[in-house]
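Here is the structure we will look at, set down as structure tokens.
What follows is calculated from the coordinates using simple rules that are stated; it is not laboratory data. Not measured: the values here are computed from a predicted model. Virtual Cβ from ideal backbone geometry, glycine too; neighbours counted across all protein chains shown.
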Amino acid sequence: MYKSEDGDVYAAEGTDLTEDEAISYGAWVGSLIGLGAGGKAGAEMGAIVGAVSALDEYEYGLDEEALASIAADIPAGGAGLMVVVEHRWMIPVRNAMRAQGGILIAQDFLNPESLIAFGADAALEG
């Protein structure tokens, strides 16, 4: 995401995943969230929802409100980057970002336990 000096915001997203890989990954993530939300039946339903969502939306969980919030925090003439990659691939990006004076705002690992816990929390709230 880039904000021009005039305050205009430009956003782009991309992936190296093929459509089949996106569907498979979506099913895996959805299954783990569903497992936390509703056990075996939740995992089965989550796999279906995750696969369809990955194919249909391909938006990585960011809605317009979230994008607007991120854009508001970017100064005019600045940019923001959100990357979801295998952590070893990020090393050259991190180094290049730092070499250009960039600041890492957050980093974390997405793991199966976190997805299951997320599903369990969502089930409690729902």
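Let's see how each residue does on (1) of a type in the set (Val, Ile, Thr); (2) on the phi > 0 side of the Ramachandran plot; (3) touching a helix residue (DSSP H, G or I) at 6+ places or on another chain (Cβ under 8 Å):
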site	(1), (2), (3)
Ser69	no, no, no
Ile74	yes, no, no
Asn95	no, no, no
Arg98	no, no, no
Ile105	yes, no, no
Glu113	no, no, no
Gly119	no, no, yes
Leu124	no, no, no
Discussion item. For a quick check of your reading of the model, give me the residue pairs whose first member lies in the range 31-50 and is in contact (Cβ under 8 Å) with a residue 24 or more places away in the chain and surrounded by fewer than 19 Cβ atoms within 10 Å (Cβ to Cβ), whose second is assigned to a helix (DSSP H, G or I) and of a type outside the set (S, T, N, Q), with beta-carbon atoms closer than 7 Å and at least 6 apart or on different chains.
Written reply: Gly38/Ala123
Worksheet item: What are the residues in the range 1-41 that are in a helix (DSSP H, G or I), closer than 15 Å to Leu55 by Cα and in contact with a Phe, Trp or Tyr (Cβ under 7 Å, 6 or more places away or on another chain), if any?
Response: Ala22
Worksheet item: When you go through Ala76, Ala117, Ala71 one by one, which is the residue that is in contact (Cβ under 8 Å) with a residue 40 or more places away in the chain, surrounded by 10 or more Cβ atoms within 10 Å (Cβ to Cβ), in a helix (DSSP H, G or I) and in contact with a strand residue (DSSP E or B) (Cβ under 8 Å, 6 or more places away or on another chain)?
Response: Ala71
